[in-house]
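S.K.: First the structure, then my questions, so here it is.
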Amino acid sequence: MVNITFVYDVISSLDDLYFEQAWASAWTLRHYNSDATIMLVTDQATADSLQSEQRRNALSLFNRILVADIPKEYSNKEKSRWVKTNLRNLIKGDFLFIDADTIICDSLGGLNDIDCAVGAVLDYHCHAREICQYDIFNAMTRKPLKDIFCLEYDPSTDVYNSGLLLVRDTPEAYKLFDAWHANWELSRSKGECRDQLSLTATNQQNPGLITEIGGIYNCQLRYSMQYFHAAKILHTFASQGDNSLSVLFCHKIYQFIRENRMISKETQDLLLNAKNMINSPSIMVDKEHIGLSFTPAFLLLRQTFESNDKYEGLAFRIMNFIARVLSHGLRSRQHNK
């Protein structure tokens, strides 16, 4: 038995699939943890949509639906972050916050034994000092920390993935969430509504309030295979579009839930076999290749490669030709040394 409440924060209309992601996640949570107390925190518009024919079959998964009083002028994305950074003040007792784009793969009873005020898994499954030299880290963390919070990034500050948070009912947890929400409001006022950045700022300003917990509880397969075999929770980062790695990482399975208005037997089989649903070929890469994959040159190359636009297809062929010429030149130079 797990002695905590499991919490999903979902703001969703019938025009997107965010609730369907939470539906799938909550179904897998209930499958492996039959006695779990599951709560959905949302706004009134989303709560109303749950009465529709497309979504009403999901209601039995949730023990409680909490409609939060969210500023109405916020966008749905902002509303979701407003809720997330306010959760400690909205819910009594210990809870585990889980992002909607997750699949639970096992019993979560081990959470009872984790001692923390707020527990989280490292982003990228590594300490920030190991990747803080990458372009993506500079763009996503170092530069905006300085621009928004006037903070010089401290390499001793780890970045935690906010997709899963184990939160105890302690003064330290309230302190962290109060500071996080204030930082998020500041960030939002400057045009950046991500909650991850404001959490990193809060962690640097309040060291020691977040405790690292095992990667099995938030396996970020996009970034590392390290915890995949033992993962209890897969964080799929599922988008609203296509993904060639797995059907679980794109919109198709959630669209299927919407169309069938239920978790069908076929969908159940896919969810319960999540670890076997990786397509081939899917090649592991090392840290250097991860750093390369976030450079502007690589992103431009990938964009043109995946595009169906004739102009961008021509651009890709030109870039590919130039790359072959450069590679040939470099090989010849090495040979002549």
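The values are calculated or read from the model by the stated rules, or taken from the named source; none is laboratory data. Source: prediction; values computed, not measured. So basically every Cβ, Gly included, is an ideal-geometry build from the backbone, and we count neighbours across all protein chains shown. The protein model used for the area step is the full one, side chains on, heavy atoms only, and it has no ligands, DNA or RNA in it. Shrake-Rupley method; radii C 1.70, N 1.55, O 1.52, S 1.80 Å.
S.K.: Using the Cα centre as the reference, give the magnitude of the dipole from point charges on the C-beta atoms of the chain (Lys, Arg: +1; Asp, Glu: -1; all else neutral), rounded to the nearest 20 debye.
M.R.: The calculation lands at about 920 debye.
S.K.: Keeping all protein chains in place, calculate the accessible area per residue for the chain (probe 1.4 angstrom), answer in Å².
M.R.: Value for the chain: 50 Å² per residue.
S.K.: What label, among [x] 19.0, 62; [y] 21.4, 73; [z] 19.1, 54, belongs to Rg and Dmax of the Cα atoms in Å computed from the structure on display?
M.R.: Looking at Rg and Dmax of the Cα atoms in Å for this model, the match is [y].
S.K.: Shifting gears a bit: Please report, as a whole percent, how much of the solvent-accessible surface of region 89-143 comes from carbon and sulfur atoms (probe radius 1.4 Å).
M.R.: Taking all protein chains in place, region 89-143 shows 46 percent carbon and sulfur surface.
S.K.: Over the chain, what is the percentage of antiparallel beta bridges among all DSSP beta bridges, to the nearest 5?
M.R.: Antiparallel: roughly 40 percent of the beta bridges in the chain.
S.K.: Taking the Cα atoms of region 16-139, what is the range of coordinates along each of the three principal axes, in descending order and whole Å?
M.R.: Reported extents, whole Å, longest axis first: 49, 38, 27.
S.K.: In whole Hz, with x marking every Gly and Pro, tabulate ³J(HN,Hα) for region 152-169 from phi via Karplus 6.51 cos²θ - 1.76 cosθ + 1.60, θ = phi - 60°.
M.R.: 7, 4, 9, x, 7, 8, 7, 9, 9, 6, 7, x, 8, 9, 8, 10, 8, 8
S.K.: While we're looking at this one, here's another question. Counting each pair of different Cα atoms once, what's the Kirkwood radius of region 129-181 in Å, rounded to one decimal?
M.R.: 12.9 Å
S.K.: Could you check the spin-label model distance between His127 and Met1? Points 7 Å from the Cα along Cα→Cβ, value in nm.
M.R.: 4.0 nm
S.K.: A follow-up question, please. May I ask which residue of Leu245, Gln196, Leu176 lies farthest towards the positive end of the charge dipole of region 137-286, with charges of +1 (Lys, Arg) and -1 (Asp, Glu) on Cβ and the Cα centre as origin?
M.R.: The listed residue farthest towards the positive side: Leu245.
S.K.: A further question follows. At a Cα cut-off below 19 Å, give the lysines reachable from Lys232, other chains included and same-chain residues fewer than 8 away excluded.
M.R.: Lys275
S.K.: Using the structure shown, list the pairs from Lys77/Lys143; Lys77/Lys265; Lys84/Lys143; Lys84/Lys175 with a Cα-Cα distance above 20 Å, or answer none.
M.R.: From the list (Lys77/Lys143; Lys77/Lys265; Lys84/Lys143; Lys84/Lys175), the Cα-Cα distance tops 20 Å for Lys77/Lys143; Lys77/Lys265; Lys84/Lys143.
S.K.: Name the residue farthest towards the positive end of the dipole of the chain from the options Trp27, Ser12, Ile318, assuming +1 on Cβ of Lys and Arg, -1 on Cβ of Asp and Glu, about the Cα centre.
M.R.: Ile318
S.K.: Further question on the same structure: Checking the cross-link filter: which aspartates and glutamates have an alpha carbon closer than 18 Å to that of Lys252, excluding same-chain neighbours under 8 positions apart?
M.R.: Asp15, Asp16, Glu20, Asp101, Asp242, Glu266, Asp269
S.K.: If you don't mind, there's one more thing I want to ask. Tell me, what is the percent relative contact order of the chain, built from C-alpha pairs under 8 Å that lie six or more residues apart?
M.R.: Contact order relative to length: 18 percent.
S.K.: Do the sum for the chain: with -39,500 (n - 2.57) for every DSSP H run of n ≥ 4, divided by all residues, what is the mean residue ellipticity at 222 nm, to the nearest 500 deg cm²/dmol?
M.R.: After summing the helix terms and dividing by the residues of the chain, the value is -12500 deg cm²/dmol.
S.K.: Mind computing the radius of gyration and Dmax over the alpha-carbon atoms of region 1-82? Å is fine for both.
M.R.: Reported Rg and Dmax, both Å: 12.7, 40.
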